[in-house]
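Before any comments, here is the structure.
The values are calculated or read from the model by the stated rules, or taken from the named source; none is laboratory data. Fair warning: this is a prediction, and the values are worked out from it, not measured in the lab. Counting neighbours? That spans all protein chains shown, and the Cβs are built from the backbone with ideal geometry, glycine included. SASA here: full protein model, heavy atoms, side chains in, ligands and nucleic acids out. Shrake-Rupley method; radii C 1.70, N 1.55, O 1.52, S 1.80 Å.
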Amino acid sequence: MTLPAPDPTDPAGLDALLTEDEKAVRTAVRQMLDVSAEPYIAEWFEKGEIPNIRELTKELGSLGVLGMHLEGYGCAGMSATEYGLACLELEATDSGLRSLVSVQGSLAMFAIWRWGSEEQKQEWLPQMAAGDAIGCFGLTEPDVGSDPANLQTRARRDGSDWVLNGRKMWISNAPYADVAVVWAATDEGIRGFVVPADTPGFSAPEIKHKMSLRASATGELVLDDVRLPASAMLPEARGLKGPLACLNEARFGIVWGSLGAARSSLEVARRYSQERIQFGKPIGAFQLTQQKLADMSLEYTKGYLLAVHLGRRKDAGLLRPEQVSIGKLNNVREAIEICRTARTILGANGISLEYPVIRHQNNLESVLTYEGTVEMHTLVLGQLLTGHAAFR
């Protein structure tokens, strides 16, 4: 048997883990991004906006990646592993694009798909899958982040209607969303509501002056006596189980997506080390640079193996929330370290938007925090290992 030639971009031969269908999904997403996003993403990041966000969302919908792991209602019905590979490619371009797809599919669409009424599903999911409507997910509040049991947003009954009052903070997609899934405290416990953005009393002002996720619109949700019919409530979601199940879906995408930022930075650093000449030879010929590249490649390989393992478990219906926490905790933490190390190989060029490294590094500072902080996922794993909850 003749061994395959070594590949410096895949030294461990990770590609052999994927089926041909999975590789085809990856290729399709990559080709679309190379044309529609990659040439412009640094400018979008620098400006803090994506000017053609509606057109780009529809293109993503046409590709089938919005809610791609959901069944029916215009969704592609692909596997969890295929969804993960799409997230990896999206974040290899920019975390903001993966956030757009993740919030749309794994938070807003999943909430309606899993917990909504048939009428809600029929009304929203087909147009969201096509990219004709953009969704957001309102859970985090100005004073409530990791402790969603203490939501301050309230929903009270008024006849057959619900009236919502409160504020949500750090909500991706909010400034251009057509619909928001909003979680609020009621006399019956925490409930979810489908809120069209044109509902009187609802607004979503954009949060400015961010240094991370700049190619992603982030906003507040302001709810001032927002009156909704009884049919706006998600009938199957009661208590924290509803929003936490949605967050678990989004975290799975982050397990994969963070590797995209790491892969992009690693490959840029590897190529740069071959081109940058110092002391008469490429810096990649020096031992310390090779150690950096080897460590980065090793951590990426381990993270990828973990992501594939979790993807296979999810496709088999065996994935537990604690296992998603393991993936999110490890892969984001290692991805940001890969980006930081890649920056050192590029030297001063590493802080320039001519290269993607500092952009990925800044973005991952947000990814490190959202969908569960390092501390929270550490305690989830700690509880699993010891049987003791240490959250309070």
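For this structure, a couple of remarks:
- The set of residues in the stretch 84-139 that are buried (at least 23 other Cβ atoms within 10 Å of the Cβ) and of a type in the set (S, T, Y) comprises T93, S95, S99, S102, S106.
- Hey, S273 among the polar types (S, T, N, Q), on the phi < 0 side of the Ramachandran plot and under 23 Å from the mean Cα position of the chain (by Cα) or not: no
Every residue, every condition in (1) at pLDDT 95 or above; (2) among the acidic types (D, E); (3) under 24 Å from K328 (Cβ atoms), yes or no:
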{"position": "A250", "(1), (2), (3)": "yes, no, yes"}
{"position": "L266", "(1), (2), (3)": "yes, no, yes"}
{"position": "Y272", "(1), (2), (3)": "yes, no, no"}
{"position": "I277", "(1), (2), (3)": "yes, no, no"}
{"position": "G280", "(1), (2), (3)": "yes, no, no"}
{"position": "T289", "(1), (2), (3)": "yes, no, no"}
{"position": "A294", "(1), (2), (3)": "yes, no, no"}
{"position": "E299", "(1), (2), (3)": "yes, yes, yes"}
{"position": "G303", "(1), (2), (3)": "yes, no, yes"}
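- Filter result for G350 (free of Cβ contacts under 8 Å to residues at least 40 places away in the same chain and farther than 30 Å from S79 by Cα): yes
- Subset of the stretch 225-240 [over 16 Å from E118 (Cα atoms) and surrounded by 13 or more Cβ atoms within 10 Å (Cβ to Cβ)]: V226, R227, L228, R238, L240
- Condition met for L266 (crowded, with 21+ Cβ neighbours inside 10 Å and either assigned to a helix (DSSP H, G or I) or not charged (D, E, K, R) (or both)): yes
- Residues in the stretch 25-48 that are of a type in the set (A, V, I, L, M, F, W, C) and open to solvent by less than 60 Å² (accessible area, probe 1.4 Å): V25, A28, V29, M32, L33, A37, I41, A42, W44, F45.
- Selection from the stretch 18-40 of residues that are over 15 Å from R263 (Cβ atoms) and among the hydrophobic types (A, V, I, L, M, F, W, C): A24, V25, A28, M32, V35, A37
- Conditions (1) assigned to a helix (DSSP H, G or I); (2) over 24 Å from W44 (Cβ atoms); (3) out of contact with any Asp or Glu (no Cβ under 9 Å at 6 or more places or on another chain): number failed by P126: (3)
- Subset tally (residues that are in contact with a helix residue (DSSP H, G or I) (Cβ under 8 Å, 6 or more places away or on another chain) and not small (G, A, S)) for the stretch 192-204: 3
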